[in-house]
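Engineer: Sharing a structure below in structure tokens format, with a few things to ask.
The values are calculated or read from the model by the stated rules, or taken from the named source; none is laboratory data. For clarity, every value in this text was computed on a predicted model and none was experimentally measured. Note that each Cβ is placed from the backbone with ideal geometry, even for glycine, and that neighbours are counted across all protein chains shown. The area values use the complete protein model at the heavy-atom level, side chains included, leaving out ligands, DNA and RNA. Shrake-Rupley method; radii C 1.70, N 1.55, O 1.52, S 1.80 Å.
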Amino acid sequence: MRAWRYLRLGLHLLYGVATVALVYPFTRRDTHRALRRRWSRALLRILGIDLEAEGERITPGCLLVANHISWVDIFAINALAPAAFVSKAEVRAWPLIGWLAAKNDTIFLRRGSRGHARIVNAETAARLEAGGNVAIFPEGTTTDGTEVLHFHAALLQPAIACGRPVQPLALRYLNTDRGHNRAPAYDGDLSLGQCVANIIATRRSIVRIRIAPPHPTADGIDRRILAQCARDWVLAASRLAPAAASTAEPKPAPGTPHRPRCAAR
């Protein structure tokens with residue numbers, strides 16, 4: 001099973017490269033999104049990952065705000081609604097992966113550069129105003145999937161600046177018995193190759209995405225409040241623990257309805 005999955009994964013990557021190189025130059029962005037969605041769904045099947053989506057539909061023109069566990073997160077979200085992702089600038093220099101990311105609407109952010117952050121914010125706002133989705137992982141890093149870290153509020157500013165809604169997504173990876181699945185986590189000192197090996201060695205996994213209603217920003221909500229609101233919703237929807245020293249609201253007991261203090265209207 002593992003050898004077959006590795007073979008299919010390699011062929012699928014080559015297919016993606018060929019599509020970007022030979023089809024993208026002659027087609028429109030709408031076609032690119034449709035191809036990306038189909039390619040991402042096929043990738044999940046090859047990896048043995050079933051996609052489950054619960055809650056609202058992803059609304060065009062929203063800033064998607066999600067917790068971050070694995071490199072698979074990107075393709076799980078793209079399998080639902082292709083989005084432009086904000087990524088660290090170092091990814092652009094990665095062989096092949098950086099090129100593919102650049103060709104698929106990735107917005108690269110140089111950390112620590114205020115000037116470049118303003119450029120990225122303007123590009124993000126332009127994508128949102130044009131009706132596209134932009135996705136961010138405001139924790140700034142990955143976890144093992146058992147907690148949610150602090151959300152960096154500055155990454156939500158472009159949505160506030162152009163009055164576009166924010167739509168939180170809660171991601172979890174599960175085993176077929178619905179227990180926590182550690183295999184897809186890409187955290188700590190784990191290499192990308194080790195993470196891929198862990199996924200391929202797992203016969204069947206589930207990625208569950210719970211989708212919140214869009215939260216309006218037209219009233220000029222403070223970005224820190226908005227970030228905390230999004231994190232509270234992700235915590236409640238995932239039934240995860242906040243990271244240590246967090247100010248997030250405690251998660252509700254099983255079966256208890258959760259109404260964040262700034263719930264989407």
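Engineer: Could you tell me the convex hull volume per residue, in Å³, taken over the Cα atoms of region 17-119?
Structural biologist: Hull volume normalised by residue count: 132 Å³.
Engineer: Moving on to the next point. Once you put a point 7 Å from the Cα of residue 182 and another 7 Å from the Cα of residue 71, both along the Cβ direction, what distance in nm separates them?
Structural biologist: 2.1
Engineer: I would also like to ask the following. On average, how much accessible surface per residue is there in region 1-86, in Å², for a 1.4 Å probe, leaving out ligands, DNA and RNA?
Structural biologist: Result: 50 Å² per residue.
Engineer: What residue among 45, 210, 223 has the largest mean-square fluctuation in a Gaussian network model of the chain, using Cα springs under 10 Å?
Structural biologist: Among 45, 210, 223, the largest mean-square fluctuation in the Gaussian network model of the chain belongs to 45.
Engineer: Label points 7 Å out from Cα along the Cβ direction at residue 129 and residue 94: separation in nm?
Structural biologist: Those two pseudo-labels are separated by 3.1 nm.
Engineer: Keeping the other protein chains in place, figure out the carbon and sulfur percent of the accessible area of region 158-214, with a 1.4 Å probe.
Structural biologist: Carbon and sulfur atoms account for 46 percent of the accessible area of region 158-214.
Engineer: Counting only protein heavy atoms and using a 1.4 Å probe, what share of the accessible area of region 64-130 belongs to carbon plus sulfur, as a whole percent?
Structural biologist: Here carbon and sulfur together make up 57 percent of the probe-accessible area.
Engineer: Ignoring solvent entirely, what values of log10 I(q)/I(0) come out of the Debye formula for region 181-245 at 0.21, 0.24 Å⁻¹ when each Cα is a single scatterer?
Structural biologist: For the requested q values the scattering log ratios are -0.97, -1.05.
Engineer: Related question: Using a basic spin-label model with each label point 7 Å from the Cα along Cα→Cβ, how many nm lie between residue 22 and residue 9?
Structural biologist: Each label point is offset 7 Å from its Cα along the Cβ direction, giving 2.5 nm.
Engineer: Given the DSSP H assignment, sum -39500 (n - 2.57) over each helix run of at least 4 residues in the chain and divide by its residue total; what's the result at 222 nm in deg cm²/dmol, nearest 500?
Structural biologist: Mean residue ellipticity, 222 nm, calculated: -12500 deg cm²/dmol.
Engineer: Output the antiparallel fraction of DSSP beta bridges having both residues in the chain, as a percent to the nearest 5.
Structural biologist: 30
Engineer: If you wrap region 72-111's Cα atoms in a convex hull and average its projection over all directions, what's the area in nm²?
Structural biologist: With every direction weighted equally, the projected area is 2.7 nm².
Engineer: Give a residue-ordered list of calculated ³J(HN,Hα) values for region 13-21 (Karplus: 6.51 cos²θ - 1.76 cosθ + 1.60, θ = phi - 60°; whole Hz; x for Gly, Pro).
Structural biologist: Karplus values, whole Hz, x for Gly and Pro: 5, 5, 4, x, 4, 5, 5, 5, 6.
Engineer: Can I ask one more? Of 7, 126, 233, which is farthest along the charge dipole of the chain in the positive direction, counting Lys and Arg as +1 and Asp and Glu as -1 at C-beta?
Structural biologist: It is 7.
Engineer: Mind telling me which of 48, 179, 132 comes out most flexible in a GNM of the chain, alpha-carbon contacts under 10 Å?
Structural biologist: 179
Engineer: When the convex hull of the C-alpha atoms of the chain is computed, what volume per residue in Å³ does it have?
Structural biologist: Per-residue hull volume (Cα only) is 128 Å³.
Engineer: Sticking with this one: Toward the positive end of the charge dipole of the chain, about the Cα centre and with charges on Cβ (Lys, Arg +1; Asp, Glu -1), which of 191, 95, 17 goes farthest?
Structural biologist: After comparing all options, I get 17.
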